[in-house]
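Since the structure comes first, as structure tokens, the remarks are kept for the end.
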Amino acid sequence: MTPRMRKRLFDALRIIVCVAALWIVVRGVTIRDHVVLHDGTDLVGDVIRDGDTVEIHLVNGETRVVSRADIATAEDGTAKITYGLRTAWGNSTKSLLLLAVLIHFPVVFPQALRFQWLLAAQDITVGYWECVKLSFAGNFLNFATPFGSNAGDVFKAYFASLHTEHKTEAVTTVILDRFIGLGSLLLVVAAITAFSPAQSRLAVLRPYMFGMIVIGAVVAFAYLSPALRRLWVNVAGFSRLPMLHQLKRVDKAARTLVSRRGTLVAAILITIGLQAMALAAYFVVAVALAMDAHAGNVLEYYAYYYTGVVVQTLPGPPQGLGTVELTYRYFFAAFGSPSQIVCMAFAIRIVALVCALPGLLVTLTGSYRPKEAGSFDVVLEDSTSPTVTPKRDLVTTYATDPSAVSNR
């Protein structure tokens with residue numbers, strides 16, 4: 001099978017997973033409200049009042065007022081009243097949705113600071129404002145393009161490398177940045193899961209969370225232990241690996257960051273902080289949609305949101321479309337109707353996209369390019385000395401001669 005055929009097959013599988021997940025998600029989700037009576041009558045329309053009596057404006061224009069005693073009940077004793085998307089969105093508090101945007105927007109600034117710190121650990125000096133622009137652009141590509149969360153990382157890696165001759169280290173920093181984010185996320189979920197009540201749905205996650213942490217700890221120990229490193233570095237065939245020189249530089253960059261314990265700890269703490277900001281915004285979205293969201297279950301919300309973020313980073317549909325919504329349908333089932341959960345999932349996507357919109361301006365204007373590179377666009381680097389190509393269009397340079405750009 002050729003690489004092109006494998007790519008097409010993978011894309012087809014992503015689409016199939018996306019469609020299947022969305023189909024499962026929308027099952028039970030309705031546009032209008034449904035009230036089922038004891039005699040089996042299904043009243044379809046918009047619920048105007050819900051109290052001792054339920055008033056519903058039917059699709060045929062009539063208005064019915066029924067007593068709660070006349071409404072059928074489910075197995076758990078709740079009345080069979082299903083609120084549709086119109087009511088879930090219409091009854092939402094729009095001012096709280098705006099507040100969610102305002103809470104989420106500043107996330108990019110500590111994110112840029114973390115990126116600047118990680119670059120500095122590799123002796124790469126990039127201004128804070130340049131890191132802010134790269135972060136905005138990367139976030140926009142992550143949320144707005146069909147390529148998923150890898151698009152923004154590729155963008156940041158490539159254009160961060162334009163700011164330095166240490167291109168391999170710059171690209172490695174972007175990868176390490178992602179690892180720190182994902183690792184911090186798993187640690188917080190594991191901590192919340194460990195102290196959650198036994199009856200919580202988080203109990204299902206415990207073996208998976210602890211299993212991933214144990215595996216991660218074993219891999220980190222095997223990678224950092226000097227004795228074990230001597231074993232796997234001397235394995236037959238290691239010296240014949242392709243691009244061994246680049247792999248050694250990546251390895252050195254990773255170990256350099258680990259040796260900068262202050263920077264590493266600060267990066268993890270700032271990651272947890274910015275994730276808390278984003279999750280606070282998502283929690284406000286749930287409150288705006290009148291879901292069962294209060295101080296007593298805020299940690300559960302955080303853990304479920306984190307689980308959705310993990311699902312979003314896994315290989316599959318772009319941005320986890322369908323799979324994230326399916327995850328929310330399972331974990332948030334006790335806190336709201338299917339329509340409320342679906343509205344929440346898409347509102348979260350909208351909040352993240354709105355906050356990333358400045359990245360569109362950055363990508364369109366090209367302001368992510370380093371100012372000091374005004375006379376050249378691509379710095380070429382070999383094992384001995386740097387050379388410079390004349391100024392020409394960056395995309396054209398790479399498209400016509402990809403091998404010209406080395407150590408990116």
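Details
- Residue in the stretch 104-125 that is modelled with pLDDT under 80, of a type in the set (Ser, Thr, Tyr) and either closer than 30 Å to Ala266 by Cβ or surrounded by 12 or more Cβ atoms within 10 Å (Cβ to Cβ) (or both) present: no
- Condition check for Lys167: within 22 Å of Arg255 (Cα to Cα) and touching a Gly at 6+ places or on another chain (Cβ under 7 Å): no
- Restricting the stretch 47-79 to residues that are at pLDDT 80 or above and among the charged types (D, E, K, R) leaves a set whose member that is nearest to Ala290 (Cα to Cα) is Glu55.
- Among the residues of the stretch 173-182, those identified as under 13 Å from the mean Cα position of the chain (by Cα) and either in contact (Cβ under 8 Å) with a residue 60 or more places away in the chain or over 15 Å from Ala254 (Cβ atoms) (or both) are Gly181, Leu182.
- Extreme residue, modelled with the lowest pLDDT, among residues of the stretch 136-148 that are over 16 Å from Gly366 (Cβ atoms) and of a type outside the set (A, V, I, L, M, F, W, C): Gly148
- For the stretch 61-83, a tally of residues being touching a residue at least 12 places away in the same chain (Cβ under 8 Å) and either exposed (fewer than 13 other Cβ atoms within 10 Å of the Cβ) or within 27 Å of the chain's Cα centre (by Cα) (or both) returns 3.
- Residue in the stretch 149-165 that is surrounded by fewer than 18 Cβ atoms within 10 Å (Cβ to Cβ) and either outside any helix (DSSP H, G or I) or at pLDDT below 80 (or both) present: yes
- Scanning the stretch 312-327 for residues that are modelled with pLDDT of 85 or more and of a type outside the set (A, V, I, L, M) turns up at least one hit.
- Taking the stretch 167-197 as the range and being closer than 15 Å to Ile270 by Cβ and among the small types (Gly, Ala, Ser) as the test, the residues that pass are Gly181, Gly183, Ser184.
- Single residue of the stretch 200-250 satisfying the filter (loosely packed, with under 12 Cβ neighbours inside 10 Å and among the charged types (D, E, K, R)) that is modelled with the highest pLDDT: Arg230
The values are calculated or read from the model by the stated rules, or taken from the named source; none is laboratory data. Quick caveat, the model's predicted, so the values are computed rather than measured. When we count neighbours, we look across all protein chains shown, and the Cβ atoms used for this are built from the backbone with ideal geometry, even at glycine.
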